[in-house]
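Novice: Dropping the structure in here first, questions after.
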Amino acid sequence: MRSGFACIVGRPNVGKSTLTNALVGQKVAITSDRPQTTRHTIRGIVNRPDGQLILVDTPGIHRPRTLLGERLNALVSDTLSEVDLIIMCFPANEAIGPGDRYIAEQIGQIRKAKKFAVVTKIDTADRQAVGEQLLAVSKLGTELGFEWEHVVPVSAVDDIQIDLLSNLLLEQLPEGAILYPDGNLTDEPEQILIAELIREAALEGVHDELPHSIAVVVDEMNMRADRAEDKPLMDIFAFIYVERESQKHIVIGRNGSRLKEVGTTAREAISKILGVPVFLDLRVKVAKDWQRDPKQLNRLGF
């Protein structure tokens, strides 16, 4: 048996959360085409007969413009120092840039962790482009003074070479007993997971400036007491926080239409995860400039 931790890193929006979900085989991390969707270290657990791989999906490393950005980068740095493997993602359809080089330099300084490069989104590029990216990624490691254990092209969306990557990762883990009960797919608290699913729904179709300004907190969740045993219902009350009054109106939409869509999408996703029908009550509040306010960041869980 082998077991251990692997941290998935890369620039924002390179497919880290989608790869995590594909390896686990079920959704444990929210995804969006908006950069900086991930704000917590999400652990996804890959259970196999020959071992257990715990994936740590991290926020995208970026040049911070707010206190929130600084804290997210620090979170990634702390995580990197504690894992057995580091997986760096490079999208097949984007040239390697300064941001990629900066992150590779950081992980190159971590000697104890074995390093994998994964070229993601190969379904979006032709074979020649994928081949060129594989060569460029290999060259980057050499230039920075380290060698990748493996450079693997994958498509998490089309399930291409996901099993191969899982095998290669597990082979490099130390021998040891499993770390979580067999069958667990994440150690994320339910309230955090639910808040993330609501935020994912709120991110769909919003303006460019809004994704960074949205935070979600689950205020209360309980099974409704007066329901028959064969007709359970979970009551969930949550707040969506934005930074300005104008953003509040965008999230709510005309006559509440946008908020209703968010609620419907989130409720379906939450019900699927929990395995019970859900009543979801969403309220939108303004927390002025919360990304830059230490007290509000702490209150919102960052």
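Novice: Can you list the lysines whose alpha carbon sits under 17 Å from that of K285, skipping same-chain ones fewer than 8 residues off?
Specialist: Qualifying lysines at Cα under 17 Å: K248, K260, K295.
Novice: How would you rank 10-19, 215-224, 257-266, highest first, on the average number of other Cβ atoms within 10 Å across their residues?
Specialist: Numbers: 10-19: 23.6, 215-224: 15.6, 257-266: 17.6.
Ranking the peptides 10-19, 215-224, 257-266 by packing returns 10-19, 257-266, 215-224.
Novice: Net charge near H150, counting Lys/Arg +1 and Asp/Glu -1 over other residues with Cβ under 12 Å of its Cβ?
Specialist: Working: positive: K114, K115; negative: E147, E149, E171.
Local net charge: -1.
Novice: Mind ranking 244-256, 112-124 by how tightly packed they are, going by the mean number of other C-beta atoms within 10 angstrom, highest first? Numbers along the way, then the final one.
Specialist: Numbers: 244-256: 13.8, 112-124: 20.7.
Put in order of decreasing packing, that is 112-124, 244-256.
Novice: Rounded to the nearest 5, what is the percent of antiparallel bridges among the DSSP beta bridges in segment 153-302? Kindly include the intermediate steps, with their values, before the conclusion.
Specialist: On the way: 9 of 18 bridges.
So the antiparallel bridges in segment 153-302 amount to around 50 percent.
Novice: Can you tell me the order of 197-204, 151-158 when each peptide is scored by its average per-residue count of other Cβ atoms within 10 angstrom, highest first? Numbers along the way, then the final one.
Specialist: Details: 197-204: 22.1, 151-158: 20.5.
Highest-to-lowest ranking by the protection proxy: 197-204, 151-158.
Novice: Whole angstrom only: what separates the Cα centroid of segment 219-255 from the Cα centroid of segment 137-161?
Specialist: After rounding, the separation between the Cα centres reads 42 Å.
Taken together, the values in this text are just the output of simple stated rules run on the coordinates, not laboratory data. As the structure is a computational prediction, the values presented were derived from the model and not from experiment. Cβ coordinates were reconstructed from backbone atoms using ideal geometry, including for glycine residues, and neighbour counts include every protein chain displayed.
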